[in-house]
Amino acid sequence: MKILLLSDTHGDVLRIDEVLDECGKPDLIIHCGDIDSDCDYIERIIPADVAFLSVRGNNDWHSERPYSMVQELDGIRFYITHGHREKVKTGSDSLIRAAKMQNCTVALHGHTHRPLHTTEDGIQVINPGALSYPVTSYAVLYTDNGKLTVYLKKI
Ligand SMILES: [Mn+2]
């Protein structure tokens, strides 16, 4: 399964279009929050056979999306969150704890606007970065029967 991972697009729909073109068709798009109207935009323009999941960010005051969610995809349990409630700007401790509590082995988040792929305490932590200040980046994930491959991409 091919997953396009985005976060913190902050209203730059032209950049979103650019990423969708460059990335090729995914099976699923995950947006880790900030901002809600971009999620609405993506949901509107993607083909019907591309799935979409999203969470709310700290700038999504009126969002009805959840703060976090757990998804099992291809045998891998993902904890998906924006990250502000887990205080990711000061470290991954709360994020790792939250992922573990949900029996997840992968945590996806945004909020810091810095791309990151690391493994901490047995949990893979992936942040695609932002499509806004200071660098523009996203991630493409491939799952295959419990195996995960991650590509961080600059645009
Ligand atoms: Mn944020």
| query | Got a number for residues in segment 97-152 being surrounded by 15 or more Cβ atoms within 10 Å (Cβ to Cβ), in contact (Cβ under 8 Å) with a residue 40 or more places away in the chain and outside any strand (DSSP E or B)? | reply | 7
| message | Among the listed residues His10, His31, identify the single one that is within 18 Å of Tyr79 (Cβ to Cβ) and touching a helix residue (DSSP H, G or I) at 6+ places or on another chain (Cβ under 8 Å). | response | His31
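One line per residue, one yes/no per condition, for (1) of a type in the set (S, T, N, Q); (2) more than 12 Å from the chain's Cα centre (by Cα); (3) within 19 Å of Ser54 (Cα to Cα):
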site: Leu73; (1), (2), (3): no, yes, yes
site: His82; (1), (2), (3): no, no, yes
site: Val88; (1), (2), (3): no, yes, yes
site: Ser92; (1), (2), (3): yes, yes, no
site: His111; (1), (2), (3): no, no, yes
site: Pro115; (1), (2), (3): no, no, yes
site: Ile123; (1), (2), (3): no, yes, no
site: Ile126; (1), (2), (3): no, no, yes
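So, in segment 4-31, of the ones that are part of a loop (DSSP other than H, G, I, E, B) and within 16 Å of the ligand (Cβ to nearest atom), which residue ends up surrounded by the most Cβ atoms within 10 Å (Cβ to Cβ)?
Keep residues of segment 4-31 that are part of a loop (DSSP other than H, G, I, E, B), which gives 7-12, 24-27.
When the remaining residues are screened for being within 16 Å of the ligand (Cβ to nearest atom), the result is 7-12.
On the way: Ser7: 33, Asp8: 29, Thr9: 28, His10: 17, Gly11: 15, Asp12: 18.
Among them, the one singled out is Ser7.
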| query | Restricting segment 32-66 to residues that are without any contact (Cβ under 8 Å) to a residue 24 or more places away in the chain and within 16 Å of the ligand (Cβ to nearest atom), which is surrounded by the most Cβ atoms within 10 Å (Cβ to Cβ)? | reply | Pro66
| message | Can you say whether Ser132 is among the polar types (S, T, N, Q) and either modelled with pLDDT under 95 or in contact with a Pro (Cβ under 6 Å, 6 or more places away or on another chain) (or both), as far as the supplied structure shows? | response | yes
| message | Every residue in segment 32-64 that is assigned to a loop (DSSP other than H, G, I, E, B) and more than 18 Å from Asn127 (Cβ to Cβ), please. | response | Ile46, Pro47, Ala48, Asp49, Val50, Trp61, His62, Ser63, Glu64
| task | Name the single residue, out of those in segment 67-96 being away from the ligand (no atom under 12 Å from the Cβ) and exposed (fewer than 13 other Cβ atoms within 10 Å of the Cβ), that is farthest from Lys2 (Cα to Cα). | result | Thr90
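The values are calculated or read from the model by the stated rules, or taken from the named source; none is laboratory data. Owing to the predicted nature of the structure, the values given are computational and were not obtained by experimental measurement. Neighbour counts run over all protein chains shown; Cβ positions are idealised from the backbone, glycine included.
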